[in-house]
Amino acid sequence: MSEHNRSDTPPIDHAAVVRLALPMVLAHLSTPLLGFVDAAVIGRLGEAYLLGAIAAAAVVFDFTFWGFGFLRMGTASLAAQALGRGDTMEGHAVLMRAMIMAVGLGLLLIVLQRPIAWIGFSLLSASPAVTEAARSYFDIRIWSAPIALANYVLLGVFIGRGKTGVALGLQVLINLSNIVFNIVLVYGLSLGVRGSAIGTLLAEILGVCGGFFTLTFFDRHWFVVEAKILKDRARLVQMMAINRDLMIRTAALLFSYAFFTAQGARGGDVVLAANAVLMNLYLIGAFFLDGFATAAQQLCGQAFGAGDGARFRTAVRLTMLWCLGFSACLSVAEFLGGHAFIGFVTTNEAVREAAWNYIPYAAAATFVGAACFDFDGVFIGAAWTRDMRNMMLVSMALYLLSFVLLKPLGNAGLWLAILVFLSTRGATLYWRYRHLVREAFPAAQSAAPVPIASASSG
């Protein structure tokens, strides 16, 4: 990077962290609205089985699409690094490669829709009426798979280029249009569950159109990429390795939380419900912290691509400071306001009493998990995904071991095991970070571009 380019690069300071994080906090909080709007509109029809059908279908889609979240994270990493290197053509190629993969995977999901539906709805074991209505919703919305995955890629590009406000705008566009389409199709045209599915499909299509329009507004040559650059073997291998590692890491994370739910269920319906309420309290905090992790992805990825060790370390320090500080405030708020939250979510006295007993664990989880949230963003930005994957697997193993050792403590032991899981993730990622940052930046002020092998060898 030349001195001229270095002077033109915006400083990494507290304002930069907040500017990137705040829109993504709002975007993350708006994401659950897509399923909530479907449920709210259908719920007004007054048929319990229809509401159950929406809930059942939402679970199937959450697990189906969530597994491909690597398309957003991996694209953000590579786009940020290309921006840091000042490599415009590679930035365009990142989009094209990821978009081709997203459309291909989306079409594969459409081809496999029957086995996906059979497995998903068999595991849910809902009533025949709920399953039939859910299948009618699923059979329509599954056709949005290429569109939904393309939206992941677009969000990744905007995040990687520091346009988190645009990412928020796209989420708002999808959610607002979903509301309008659902009202018109469900109420106006009396299409019921099928209308809700069509409305969500149309909203996702509108989101992709809005994303492409915005891309061409910033740069009309986004989709002009030389074939030899697009098919660069080293870059393709790097992209596939990153996405593979992120998919394994996400699968391990999903398993860990599913294990928590399954073990809570063995404690009875009251314990299961109490844990679900408290896990939602924890996840609200996680949505906020994800915003700072996203800021770390962009700032660290750009600095890594530029080979600027000083900016990279500054980005890590500031995003970690904000993440830890914000998580401490959230933990205190959750501890003090937990009773009110539980009372609002459930009217069952047995569930309320059980949940009140474990508020300290849920509140502590938000703070204990802050370091791993931020380091996730750092490692994604630097494309150290192999180490990120490995540390997740190590943490999951220690989590399962700690559960076995703490099982005599009952549900308290289960919550302690989750705290072990979160703290181990943060500790192991920090341990690897200290080695990887020295390896990537032997001299703190080095500004030499980082070769592909260094970026992907993490």
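The values are calculated or read from the model by the stated rules, or taken from the named source; none is laboratory data. Quick caveat: nothing in here was measured; it's all calculated off a predicted structure. A quick note on method: Cβ atoms are made from the backbone with ideal geometry, for glycine too, and the neighbour counts reach across all protein chains shown. With ligands, DNA and RNA removed, areas are computed over all heavy atoms of the protein, side chains included. Shrake-Rupley method; radii C 1.70, N 1.55, O 1.52, S 1.80 Å.
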Checking Phe344 against (1) of a type outside the set (Gly, Ala, Ser); (2) in contact with a Pro (Cβ under 9 Å, 6 or more places away or on another chain); (3) modelled with pLDDT under 90, only one condition comes out false. Which one? (2)
Looking at this structure, is Ala315 assigned to a helix (DSSP H, G or I) and buried (at least 17 other Cβ atoms within 10 Å of the Cβ)? yes
Selection within segment 350-368 - surrounded by fewer than 24 Cβ atoms within 10 Å (Cβ to Cβ) and under 20 Å from Phe259 (Cβ atoms): Ala354, Tyr358, Tyr361, Ala364, Val368
I'd like to know if segment 97-106 contains one or more residues that are modelled with pLDDT of 90 or more and closer than 30 Å to Gly309 by Cβ. yes
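Only one residue in Ala371, Ala355, Ala363 is assigned to a helix (DSSP H, G or I) and out of contact with any Gly (no Cβ under 7 Å at 6 or more places or on another chain), so which one is that? Spell out how you get there, then give the answer.
Values: Ala371 fails: out of contact with any Gly (no Cβ under 7 Å at 6 or more places or on another chain); Ala363 fails: out of contact with any Gly (no Cβ under 7 Å at 6 or more places or on another chain).
When all the criteria are applied, what remains is Ala355.
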Output the qualifying pairs, or none if there are none: Cβ atoms under 6 angstrom, residues six or more apart or on different chains, first residue in segment 280-309 and on the phi < 0 side of the Ramachandran plot, second residue open to solvent by less than 10 Å² (accessible area, probe 1.4 Å) and part of a loop (DSSP other than H, G, I, E, B). Cys300/Ala382; Phe304/Ala382; Gly309/Phe441
Output the number of residues of segment 319-350 satisfying the condition of being under 26 Å from Cys372 (Cβ atoms) and in a loop (DSSP other than H, G, I, E, B). 0
Every residue from segment 419-446 that is aromatic (Phe, Trp, Tyr), open to solvent by 40 Å² or more (accessible area, probe 1.4 Å) and within 22 Å of the chain's Cα centre (by Cα): Tyr430
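Residues of segment 274-291 being small (Gly, Ala, Ser) and open to solvent by less than 40 Å² (accessible area, probe 1.4 Å), which ones? Quick ask: steps written out before the conclusion?
Filtering segment 274-291 down to residues small (Gly, Ala, Ser) leaves 274, 276, 285-286, 291.
Within segment 274-291, Ala274, Gly285, Ala286, Gly291 qualify.
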Checked against (1) in contact with a Phe, Trp or Tyr (Cβ under 8 Å, 6 or more places away or on another chain); (2) under 27 Å from Gly160 (Cβ atoms), Ile342 satisfies every condition except (2)
Name the pairs whose Cβ atoms lie under 6 Å apart, with the first residue in segment 251-267 and over 23 Å from Thr385 (Cβ atoms), the second open to solvent by 50 Å² or more (accessible area, probe 1.4 Å), and 6 or more positions between them or separate chains? Gly264/Leu272; Ala265/Leu272
Does Gln298 count as at pLDDT 90 or above, of a type in the set (S, T, N, Q) and either surrounded by fewer than 19 Cβ atoms within 10 Å (Cβ to Cβ) or in contact with a Lys or Arg (Cβ under 9 Å, 6 or more places away or on another chain) (or both)? yes
Could you please let me know if Phe288 is at pLDDT below 90 and closer than 19 Å to Pro23 by Cα? yes
Of all residues in segment 222-273, count the ones that are closer than 30 Å to His92 by Cα, open to solvent by 50 Å² or more (accessible area, probe 1.4 Å) and not in a helix (DSSP H, G or I). 5
What pairs come out if I take residues in segment 196-215 that are under 13 Å from Val172 (Cα atoms) and free of Cβ contacts under 8 Å to residues at least 40 places away in the same chain and pair them with residues that are surrounded by 23 or more Cβ atoms within 10 Å (Cβ to Cβ) and of a type outside the set (S, T, N, Q) whose C-beta lies under 8 Å away, six or more apart or interchain? Leu206/Ile174
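Quick check on my filter: what residues within segment 170-204 are β-branched (Val, Ile, Thr) and more than 23 Å from Val25 (Cα to Cα)?
Our first condition is that a residue be β-branched (Val, Ile, Thr); within segment 170-204, this holds for 172, 174, 179-180, 183-184, 186, 193, 198, 200.
Within segment 170-204, Val180, Ile183, Val184, Val186, Val193, Ile198 meet the criteria.
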Tally, over segment 371-418, of residues that are within 20 Å of the chain's Cα centre (by Cα) and aliphatic (A, V, I, L, M): 11
Failed condition for Leu246, given (1) farther than 19 Å from Met101 by Cα; (2) in contact with a Phe, Trp or Tyr (Cβ under 8 Å, 6 or more places away or on another chain), with all others met? (1)
For a quick check of your reading of the model, give me the residue pairs whose first member lies in segment 415-431 and is over 15 Å from Met320 (Cα atoms) and in a helix (DSSP H, G or I), whose second is polar (S, T, N, Q) and open to solvent by 20 Å² or more (accessible area, probe 1.4 Å), with beta-carbon atoms closer than 7 Å and at least 6 apart or on different chains. none
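Which one of these is assigned to a helix (DSSP H, G or I), of a type outside the set (Phe, Trp, Tyr), at pLDDT 90 or above and crowded, with 23+ Cβ neighbours inside 10 Å: Asn151, Asn178, Asn182? Steps first, answer last, please.
On the way: Asn178 fails: at pLDDT 90 or above; Asn182 fails: at pLDDT 90 or above.
Selected residue: Asn151, the only one of Asn151, Asn178, Asn182 that is assigned to a helix (DSSP H, G or I), of a type outside the set (Phe, Trp, Tyr), at pLDDT 90 or above and crowded, with 23+ Cβ neighbours inside 10 Å.
From the list Gly301, Gly291, Gly285, exactly one residue is assigned to a helix (DSSP H, G or I), out of contact with any Ser or Thr (no Cβ under 8 Å at 6 or more places or on another chain) and among the small types (Gly, Ala, Ser). Which is it? Show your work before the answer.
Numbers: Gly301 fails: out of contact with any Ser or Thr (no Cβ under 8 Å at 6 or more places or on another chain); Gly285 fails: out of contact with any Ser or Thr (no Cβ under 8 Å at 6 or more places or on another chain).
One residue alone meets the criteria, Gly291.
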